[in-house]
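The values are calculated or read from the model by the stated rules, or taken from the named source; none is laboratory data. For clarity, every value in this text was computed on a predicted model and none was experimentally measured. Here Cβ is always computed from backbone atoms with ideal geometry, including for glycine, and neighbour counts include all displayed protein chains.
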């Protein structure tokens, strides 16, 4: 790839990061299976501790099961037509020798979720993460093995309203307000 192509690709990635939004207003149109496969496949490209594969993904599309998930998820404000439940296989975590308090599995849930959200955005799907739900109830609903625990749900669907255009004047702090440079902290 020449420098012009590389620059354009980098710009596309940065534009996707800047324009991705949590979408809570979704239509009732189903998400195509091909799109769901693309989105869940993206998770395998997410960074993870030691390149270990400790996550499992449950794709939910049945309306009755989605309704049941919503009933146990106070944080699920949207009504999705699909969801990807990001789970950790804790037996696999122990096999790899992670200490019980190691934050690696949770960090990896976050990188997988971020990758899934960007993939959904690239396909013009609306998406939003949910962490407020009963993990025990979700595991029961999804008939998960005892060692596999749901940690995060990504709701998916077609946006009901057009996405807001990107804005550099988003409310809240700018990057400069939340970053401290090491040389400023300890001048030479």
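Data overview
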item	result
Condition check for residue 53: at pLDDT below 85, in contact with a strand residue (DSSP E or B) (Cβ under 9 Å, 6 or more places away or on another chain), over 25 Å from residue 132 (Cβ atoms) and outside any helix (DSSP H, G or I)	yes
Selected residue [in contact with a helix residue (DSSP H, G or I) (Cβ under 7 Å, 6 or more places away or on another chain), farther than 30 Å from residue 12 by Cα and surrounded by 17 or more Cβ atoms within 10 Å (Cβ to Cβ)] from 120, 46, 138	138
Residue check for residue 114: farther than 17 Å from residue 65 by Cα and not in a loop (DSSP other than H, G, I, E, B)	yes
Flag for residue 86 being under 16 Å from residue 43 (Cβ atoms) and either in contact (Cβ under 8 Å) with a residue 40 or more places away in the chain or in a loop (DSSP other than H, G, I, E, B) (or both)	yes
Residue count for the range 56-75, restricted to those that are out of contact with any helix residue (DSSP H, G or I) (no Cβ under 9 Å at 6 or more places or on another chain), more than 21 Å from residue 112 (Cβ to Cβ) and in a helix (DSSP H, G or I)	4
Flag for residue 103 being without any contact (Cβ under 8 Å) to a residue 40 or more places away in the chain and out of contact with any helix residue (DSSP H, G or I) (no Cβ under 6 Å at 6 or more places or on another chain)	yes
Residues (under 24 Å from residue 137 (Cα atoms) and assigned to a helix (DSSP H, G or I)) located in the range 89-103	90, 91, 92, 93, 94
